[in-house]
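One structure is given here, and the rest of the page talks about it.
The values are calculated or read from the model by the stated rules, or taken from the named source; none is laboratory data. A quick note: this is a predicted structure, and the numbers were derived from the prediction, not measured. Heads up, the Cβs are rebuilt from the backbone with ideal geometry, glycines too, and the neighbour counts pull from every protein chain shown. The area values use the complete protein model at the heavy-atom level, side chains included, leaving out ligands, DNA and RNA. Shrake-Rupley method; radii C 1.70, N 1.55, O 1.52, S 1.80 Å.
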Amino acid sequence: MRSLSRFLLSLVLALAAAAAAHAQAPAAPSPDPSTLSPEERLKTLERLLADTRAELEKLKASSTAADTNAKLEELSRRIDILAREIESLKIGEAAPEIEAGSRSGEKSVEKYGIGPAAARVYGIKKGLSIGGYGEILYSNYASKDQSGAPSSGEDVITDLRAVLYLGYKFDQHFVLNTEIEYENAVVASDKGGEAEVEFAYIDYMNSPAFNVRTGLVLIPSGLVNQLHEPTAFLGARRPDVDEVIIPTTWREIGTGFYGTYGPVSYQFYGVNGLNAAGYTADGGIREGSGEGSEALAKSWAFAGRVDLTAVPGLLVGASVFSGDAGQGQFTPSGEKISALTTLVEGHLDWRWRGLWLRGLYAHTTIDQAELINQLNNFEGDESVGSRQEGWYGQLGFDVLSLVSGSRMNLIPFARYEQYDTQAQVPVGYERNPENDVHGWTLGAVFQPIPQLVLKADWQQRHNAAQTGVNLWNVSLGYVF
């Protein structure tokens, strides 16, 4: 109903503008939106957008009236409304039951803390919901590393992810939602495949402003951990910072609440803590996650996030995860470990017409890193980083947004990122320069329809040890 209301509002505004500009001609009857298919609604909106843009250009060229500026501003405002509604309809086809926003999946993440396909179950009245996504990835590594020495990278092609969303809506209040993921196609001792539950939780739906969630939940950190479907990010691979500093896909078992109030959305959870015994020099905190599999639960943590969407298309927010990771463990000398681990990140995502701008900074601090080293018998440059940090900035532009009536997307993009899992180490230990990484990702994303995406990019991967290896990636992604 809200999508229909927005469509009606856009339609009325556009027709009113046309009527005012051509008062001498009788106004054409407005179609009844309830009788139109999504394709017909889209064509109607695109026609109205083209007419409004033509009117704007005509006014710029010929009008000399004193109120020209006011008219220009009004027409520009109407064009923005129509453009946002067109984009909403395009995005909404990927998950028609979910109200789509001016960005891909914006409303879904704001309302439910998950991507649009994962949120399909919320849009049905009752019963079973099925969705999913997948990615096939080919990577071609350079024959030499950045120092000119032969590289060890091997070209690979893999069915990287095949994911199934299964949800069940019991009634208007209780919802079960799950994500089952298969990685690299085959689970076998000689393969790198895995089968895992990414999330599995029960929601009590109270109101838009307050809902309760309990189970295996996605930690609300960063821009990709919760919205990780291939149509939701640029690049054949997820950003390195979103996988190394923020260990996407990061989930823990716990309970909490979430909601949206006006332009502000929030998520707050209490979850099981990390396990410091899994921390490493190059992987950071990734292997410390319990992943819902017999996770140690002597230490607990808090995870929270707040986002602001006061401006259409612009999301600005921050999150924090903090808790002890000692899990009741002791060093060989008998000293108890608490290992308070705190990850703080800030993010920005802005879409305006064809422009897509994204940026993120993440910072992790770990107390008692020296005790963790003793627990794991780490020496020299094997040390866990007591401070870990990373950031990236990304810019893309949909060139087909300049083509009137185009329903496809073609987005050339560039991303620069930098991270270091050993930005600081305890006294007496050394940093490994291979963990100080930076580089560019340059490529393009093509979407013939909203549910399918083809990506190609080149990645420059440099590090302070001069052993980085560049690579090319090509991927095919789908969502349903």
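Annotation for the range 463-479 versus the range 307-377: alpha-carbon center distance of 24 Å.
With Rh defined as the Kirkwood radius, the inverse of the mean 1/r over Cα pairs, the Rg/Rh of the range 291-431 is 1.15. Given their separation in residues at 0.36 nm each and the Cα-Cα distance between them, Glu74 and Val399 gain 114.5 nm when the chain is fully extended. Taken along the Cα-to-beta-carbon direction at a fixed 7 Å, the label points for Leu308 and Ala414 span 2.9 nm. Sorting His173, His228 on solvent-accessible area from highest to lowest, probe radius 1.4 Å, gives His173, His228.
Taking label points 7 Å from Cα along the Cα-to-Cβ direction, Val212 and Trp440 give a separation of 5.3 nm. The figure for Met205 is an accessible area of roughly 30 square angstrom, using a 1.4 Å probe on the protein chains alone. Within a straight-line Cα-Cα reach of under 17 Å, Lys58 can be paired with the following lysines, leaving aside sequence neighbours fewer than 8 residues apart in one chain: Lys71.
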